[in-house]
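What follows is a short report on a single structure.
The values are calculated or read from the model by the stated rules, or taken from the named source; none is laboratory data. Not measured: the values here are computed from a predicted model. Neighbour counts run over all protein chains shown; Cβ positions are idealised from the backbone, glycine included.
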């Protein structure tokens, strides 16, 4: 069985393939910023924003590929009621990292599955990360060295790379932090007989 991943994320694609799943990536072509802004204007909760964006991506691709199981994900970073988006510039990455340092924040990773062009399963994983009080000079050097990689990350860091040095504590599973709650997905697929147990 080939699964369709409604995403262009190489990290999510690799996670699924590393788990032994046959996966094809298809770009969902959704204006995430416009949807996120509209939901924020309606005072939607961060977890609802992640879920809505994941569902929108899944639906968009499932309309074209109704014969396949379609998965889509979205991740939202929440700190003290505020949501951070991917940085648009190195300066904005600095601003985000200065806001995060010395504090805890949440990563909410939503996944939605569509079958026969209908939603059949969803899950929202949560991880809590605490950044130690990193110096300005280290943050300057960190962003300069890693901008091309972290520009696609809501927190301006990747824990699978040098970003792990920013943290003093992490609670939650690795896959949720990377943006795809893989363990709950595999458990659901086992209960459906999609993968061997």
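Please go through (1) in contact with a strand residue (DSSP E or B) (Cβ under 8 Å, 6 or more places away or on another chain); (2) assigned to a helix (DSSP H, G or I); (3) exposed (fewer than 13 other Cβ atoms within 10 Å of the Cβ) for residue 190 and return the number of the only condition it doesn't satisfy.
Condition not satisfied by residue 190: (1).
Among (1) farther than 22 Å from residue 60 by Cβ; (2) modelled with pLDDT of 95 or more; (3) crowded, with 16+ Cβ neighbours inside 10 Å, there is one condition residue 171 misses while meeting the rest; what is its number?
(3)
Looking only at residues that are part of a loop (DSSP other than H, G, I, E, B) and more than 13 Å from the chain's Cα centre (by Cα) in segment 69-90, which one is surrounded by the fewest Cβ atoms within 10 Å (Cβ to Cβ)? Show your work before the answer.
Residues of segment 69-90 that are part of a loop (DSSP other than H, G, I, E, B), as a first pass: 80-81, 85-89.
Now drop any that are not more than 13 Å from the chain's Cα centre (by Cα), which leaves 80-81, 87-89.
Working: 80: 9, 81: 7, 87: 22, 88: 10, 89: 11.
This residue is 81.
Got at least one residue in segment 61-68 being more than 23 Å from residue 139 (Cα to Cα) and assigned to a helix (DSSP H, G or I)?
yes
What number of residues within segment 91-119 satisfy the criterion of being surrounded by fewer than 14 Cβ atoms within 10 Å (Cβ to Cβ) and either in contact with a strand residue (DSSP E or B) (Cβ under 6 Å, 6 or more places away or on another chain) or under 30 Å from residue 68 (Cα atoms) (or both)?
Within segment 91-119, residues that are surrounded by fewer than 14 Cβ atoms within 10 Å (Cβ to Cβ) and either in contact with a strand residue (DSSP E or B) (Cβ under 6 Å, 6 or more places away or on another chain) or under 30 Å from residue 68 (Cα atoms) (or both) number 2.
Scanning segment 58-68 for residues that are surrounded by 21 or more Cβ atoms within 10 Å (Cβ to Cβ) and under 18 Å from residue 188 (Cβ atoms), which turns out nearest to the chain's Cα centre (by Cα)? Give the derivation first.
So in segment 58-68, the residues surrounded by 21 or more Cβ atoms within 10 Å (Cβ to Cβ) come out as 58, 61-62.
Next, from what is left, pick out any that are under 18 Å from residue 188 (Cβ atoms): 58, 62.
Details: 58: 14, 62: 19 Å.
Among residues in segment 58-68 that are surrounded by 21 or more Cβ atoms within 10 Å (Cβ to Cβ) and under 18 Å from residue 188 (Cβ atoms), the one nearest to the chain's Cα centre (by Cα) is 58.
Could you list, in sequence order, all residues of segment 23-43 that are in a loop (DSSP other than H, G, I, E, B) and either at pLDDT 90 or above or over 29 Å from residue 68 (Cβ atoms) (or both)? Steps first, answer last, please.
Start the filter on segment 23-43 by keeping residues that are in a loop (DSSP other than H, G, I, E, B), which leaves 26-31, 42-43.
Result: 26, 27, 28, 42, 43.
Filter segment 149-166 down to residues that are over 23 Å from residue 82 (Cβ atoms) and either at pLDDT 95 or above or not in a helix (DSSP H, G or I) (or both), then give me how many there are.
We begin by selecting, within segment 149-166, every residue over 23 Å from residue 82 (Cβ atoms); these are 149, 160-162, 164-165.
Next, from what is left, pick out any that are either at pLDDT 95 or above or not in a helix (DSSP H, G or I) (or both): 160-162, 164-165.
Total meeting the criteria: 5.
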